[in-house]
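Enquirer: Pasting a structure below so you can have a look.
Bear in mind that the values in this text are calculations on the coordinates, not laboratory data. Remember, predicted model here, so these are calculated numbers, not experimental data. Here Cβ is always computed from backbone atoms with ideal geometry, including for glycine, and neighbour counts include all displayed protein chains.
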Amino acid sequence: MGYKTFALLVILLSPAAAFGSVGTKGFSLGLDLHTSRIGADEPSSDAPAGTVFIDRNGGGAIMKLGWGFTPRFGLRLMVSGASHATSDPDIDVIYSSGTIEAVYYFREGEPLRPEIFGGLGGFSVESRDGGYDYKTTGGGAVFGGGIAYFLSRDFALDFELRADLVNWDTNTARIDLGGGNEVVVETPIDEDGSAVHFAFGGTWWF
């Protein structure tokens with residue numbers, strides 16, 4: 001290995017040496033792609049005719065808007081959505097959430113910053129079948145951990161493992177009757193749900 005190749009590896013693996021000390025203080029904007037695994041029922045041969053089963057595995061995107069109060073601690077608003085196929089090829093389900101999270105970064109000033117986070121927010125599962133719209137909503141918590149790897153002073157690659165714990169409390173069915181008329185039926189429920197996500201993307205710090 002020549003010295004030029006070695007020097008390049010040092011720069012790539014140690015961004016702080018090339019760009020100066022990095023931090024996580026101030027305004028940030030991030031975008032991640034993520035896999036989504038939800039706690040859906042498995043298909044069953046004895047299920048009633050017409051039952052639609054949701055694929056546990058899906059994927060989508062996460063947008064992050066944050067503010068670092070110190071180089072170690074910040075708050076961020078996370079909005080995510082993931083598409084899940086179903087046993088009916090004409091129906092897809094969208095699992096989405098909006099949460100406010102507190103995040104703590106370790107290794108202040110270093111390019112590799114492990115993190116832990118947790119927060120609260122709202123969650124929903126939506127689908128559409130012809131003129132029928134179905135939506136289940138509830139509140140819950142999110143927690144997890146990951147790594148922010150700074151390639152420069154202002155940009156980091158993000159790797160996160162996220163877990164959602166949800167209390168579903170409302171089912172809403174909306175029927176389009178045409179001519180601007182619709183019927184809405186809202187039913188209270190009390191069910192627990194969960195989901196796990198692996199996310200990968202980037203965050204810009206300003």
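Enquirer: What net charge is computed for the residues neighbouring I94, neighbours being all others with C-beta under 14 Å from the C-beta of I94, Lys and Arg scored +1, Asp and Glu -1?
Expert: Details: positive: R128, K135; negative: D55, D92, E126, D129, D133.
Taking every other residue near I94 into account, the sum is -3.
Enquirer: If packing is taken as the average number of other Cβ atoms within 10 Å across a peptide's residues, how do 77-83, 89-95 rank, most packed first?
Expert: For the peptides 77-83, 89-95, the packing ranking is 77-83, 89-95.
Enquirer: Let me ask another. Using amide H atoms built 1.01 Å from N in the peptide plane, name the residues 5+ places from D55, or on other chains, whose amide H lies under 5 Å from its own.
Expert: Amide H neighbours of D55: A85, T86, S87.
Enquirer: Around V183, under 10 Å between beta carbons, what's the net of Lys plus Arg minus Asp minus Glu among the other residues?
Expert: Working: positive: R174; negative: D176, E182.
Charge balance near V183 sits at -1.
Enquirer: For E191 and F53, calculate 0.36 nm times their separation in residues minus their Cα-Cα distance, and state this gained length in nm to one decimal.
Expert: Numbers: separation 138, 0.36 × 138 = 49.68 nm, distance 1.72 nm.
Gain in length upon complete extension: 48.0 nm.
Enquirer: While we're on this one: Pull up all non-local amide H partners of F73: gap of 5 or more, or a different chain, and H-to-H distance under 5 Å with H placed in the peptide plane.
Expert: Under 5 Å from the amide H of F73: Y105.
Enquirer: By its C-alpha gyration tensor, with a ≥ b ≥ c as the square roots of the eigenvalues, how is region 138-206 shaped: rounded for a/c under 1.5, else prolate for a/b larger than b/c, else oblate?
Expert: It comes out oblate by the Cα gyration axes.
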